[in-house]
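Comments concern the structure below.
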Amino acid sequence: MDPLDRVVKPKTKRAKRFLEKREPKLQENTKIAMLIKGGNANLRVTEVLKDIYAVKKPFAVLYRKKNITRPFEDQTSLEFFSKKSDCSLFLFGSHNKKRPNNLVIGRMFDYHVLDMIELGVEKFVSLKDVKNSKCPEGTKPMLIFAGDMFDVNEEYRRLKSLLIDFFRGPTVPNIRLAGLEYVLHFTAVDGKIYMRSYKVLLKKSGCKIPRIELEEMGPSLDLVMRRTHLASDDLYKLSLKQPKALKPKKKKNISHDVFGTTYGRIHMQKQDLGKLQTRKMKGLKKRPAEKAAEDSGVSPKKSKSA
């Protein structure tokens with residue numbers, strides 16, 4: 001049995017908190033990414049991993065030592081590191097003659113590799129090469145995807161989903177305008193993926209809405225897609241399954257039209273309109289003879305007109 005799979009009873013409060021943090025929850029923890037350097041990673045790949053780590057902090061773990069592994073041939077090392085660090089995302093960097101400046105980005109499901117896409121780095125501009133102000137650590141980025149390939153091609157569609165998972169950061173209930181200061185832009189054109197990073201500058205515009213300018217911040221990457229390892233449709237559907245407790249309960253007798261107007265249906269018992277209380281008027285008041293005739297079922301005699 002794998003030592004990490006054993007059922008361990010916590011002996012201290014710290015160990016108890018650690019195990020509670022890893023237990024399944026209705027609301028998942030923020031996904032953490034592990035950045036792993038391959039056994040033959042060169043300086044460019046190492047710089048890419050460091051810059052992505054700087055963008056992802058504090059939701060990332062950087063392995064500084066080299067790890068000799070090949071994700072597409074053997075995935076046991078990645079699964080071991082995922083279970084050890086409690087990470088569901090990974091970025092693996094390597095370099096060789098056949099696949100120079102290589103990055104493998106992927107995600108886990110139940111500590112097993114779900115999706116994995118290999119990308120080649122053709123051009124790289126580091127954070128330190130751009131002499132502009134940077135965003136604070138832990139800033140949640142705005143993600144923009146441009147290009148028809150992200151909607152047409154299945155591999156690019158999975159890559160888009162993977163990039164959203166990787167860079168989205170924590171789920172927040174409210175958004176502040178001043179907090180929208182970091183943009184990650186991905187463009188797919190001519191078989192290449194261009195990643196650009198910008199800082200949002202809010203300028204005075206003379207009205208309530210500020211004027212927005214984008215200032216390049218780094219890192220910038222020109223990528224090309226290589227090998228892919230995609231999950232089957234059944235496994236991918238299983239990974240997207242939500243617990244019943246999170247699904248919104250359907251409200252009965254409530255409907256909406258195309259304009260968003262809410263309509264409600266009320267169910268009432270059948271009313272006897274004969275017993276309905278109306279406004280009393282002397283002109284409509286029945287005479288004693290008419291009341292007695294109604295009770296006996298005989299029609300009352302008409303009074304002779306004078």
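At-a-glance table
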| quantity | calculated |
| --- | --- |
| Cα gyration tensor shape of the stretch 210-298, rounded if a/c is under 1.5, else prolate or oblate by comparing a/b with b/c | prolate |
| Only Lys, Arg (+1) and Asp, Glu (-1) charged, at Cβ; the stretch 219-278 dipole about Cα centre in debye | 380 |
| MRE, 222 nm, helices only [DSSP H, n ≥ 4, -39500 (n - 2.57), over the chain, to nearest 500] | -6500 deg cm²/dmol |
| Descending Cα extents along the principal axes, the stretch 116-236, whole Å | 51, 35, 27 |
| Reach of residue 204 by Cα under 12 Å, taken over aspartates and glutamates that are not fewer than 8 positions away in the same chain | 213 |
| ³J(HN,Hα), Karplus 6.51/-1.76/1.60, whole Hz, each residue of the stretch 260-265, x for Gly, Pro | x, 6, 8, 10, x, 10 |
| Antiparallel bridge percentage (DSSP; both residues within the stretch 1-105; nearest 5) | 30 |
| Amide H within-cut-off set for residue 217, under 5 Å, with H built and near neighbours excluded | 197, 198, 199 |
| J(HN,Hα) series, the stretch 213-228, from Karplus relation 6.51 cos²θ - 1.76 cosθ + 1.60, nearest Hz, glycine and proline x | 10, 10, 10, 5, 10, x, x, 10, 9, 10, 10, 10, 7, 10, 7, 9 |
| Normalised alpha carbon radius of gyration of the stretch 11-105 [divisor 2.2 N^0.38 Å] | 1.22 |
| Whole-angstrom Cα spans of the chain along principal axes, big to small | 123, 63, 43 |
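Read-outs throughout are calculated quantities, based only on the coordinates presented, and are distinct from any laboratory measurement. All of these numbers come straight from a predicted model, not from anything done at the bench. Cβ sites come from the backbone with ideal geometry, for glycine too, and all protein chains shown count toward neighbours.
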